[in-house]
1. In terms of the Cα gyration tensor, with a ≥ b ≥ c the square roots of its eigenvalues, is region 299-358 rounded because a/c is under 1.5, prolate because a/b exceeds b/c, or oblate?
2. Helix 97-108 versus the longest principal axis of the chain: what angle, 0 to 90°, nearest 10, using Cα atoms?
3. Label the chain by shape, choosing from rounded, prolate and oblate, from the square roots a ≥ b ≥ c of the eigenvalues of the Cα gyration tensor; if a/c is under 1.5 it is rounded, and otherwise prolate applies when a/b is larger than b/c, oblate when it is not.
4. Send over the per residue convex hull volume for region 156-382, Cα only, as a whole number of Å³.
5. For helix 329-343, report the angle its Cα long axis makes with the longest principal axis of the Cα atoms of the chain; keep it between 0 and 90° and round to the nearest 10°.
6. Under the rule a/c < 1.5 gives rounded, and otherwise a/b versus b/c splits prolate from oblate, where does region 1-130 land using the Cα gyration tensor?
7. In whole Å, largest first, what are the principal axis extents of the Cα atoms in region 246-328?
8. Tell me the mean residue ellipticity at 222 nm calculated for the chain from its helices only (DSSP H runs of n ≥ 4, each -39500 (n - 2.57), averaged over every residue, nearest 500).
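Every number here is computed from the coordinates shown, using simple stated rules; none is lab data. None of these values were measured; they are calculated from a predicted model. Using ideal geometry, Cβ is built from the backbone for each residue, glycine included, and neighbour counts are taken over all protein chains shown.
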């Protein structure tokens, strides 16, 4: 229950900050999000009087535990707190919508003051049940262990998370700039592409595992970052030139840039789009290509991918094109990855498809919707169960996919985490489900993926 409350509070604060940046602090979407914060806190405060969110080394901390997935989502909130050298947020029972609204205004201020000055100003304004943390939360006894102990040994995952959150931040900055009619900082997208391509060479597995973060809300752009990670990993098996891999990474990261100028009520509509709304949505490839043509520091490949990533291999997609249009292989690769990532993601209006079902969909769409060479390359790289997928083995054991077997897409290497009775496994135990016995039968099978 407490964990769910924290997620709802942080998500609502992020939505409030993004709407405040895109429009103005008093916008109705900001007001609605601040109401959501108070509504989320209400059941928690029936039993508790204080909720403290800590901030250490780029992670949200709650009750001594780093919130890894939530910290990726919350990078805009984390950035605002970092700029003010705050160590977190404190909410007390009875906090009001007006107090949360004032906090959002403070975090949106372009010239941040010190934590001491901010808290003093808030107190003078009657904001008494909400404040920024002035000291490290762990040093005040609120948490049960230090962040260093919690993340000890992560190494590559920490690096992967930094690359991931940097990409999210750049896409959000571009959206804010374009919505305000400013010149967007596309050069930063190029820098992110360089960093991601370099990180993929040495931290491939944790980066791919981060694409499992699919339960996201508006303004996160996880989809674009996930598509970029998948595509860059594929590119490393298809190209040897490092500069070409960077160009591919940049193109994949910016493939949906046209959606940035679509109205929120259409882009984030929870139900089915009307015919008129769908027509607007279908324009985003053309809008995106136009934005990138006019931008500086963007490769031609990014323009091609933005325009063609919904055309399909058989040209039955959109936008409507006249005559023969030749799609480059990278555009067709992004087309496939874009569909894969979208259907495996959880959205307010749909449940995610399990990866094995999506694999069958890719195979069925080969030659029609997807280039068969791209399907083959994708399955060779990721298999039916990409790294990070939680699966149940035929033995009843549960585990996490570590790597795919290129020759056996439905038989990955799995790190076992729980025994058949559901008890955690001590030590490291891996199972290569592609191994065969003397009779040439697989020793182990993946029974199903688990959407946790």
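1. Verdict is prolate for region 299-358.
2. Result, in degrees: 70.
3. Oblate shape, in that a/c is at least 1.5 and b/c is the bigger or equal ratio.
4. Working: hull volume 27.5 nm³, N = 227.
Here the figure is 121 Å³ per residue.
5. The angle comes out at about 60 degrees.
6. rounded
7. Over region 246-328, Cα extents along the principal axes are 36, 29, 19 Å.
8. Numbers: 19 runs with 225 residues, N = 452.
The per-residue figure over the chain is -15500 deg cm²/dmol.
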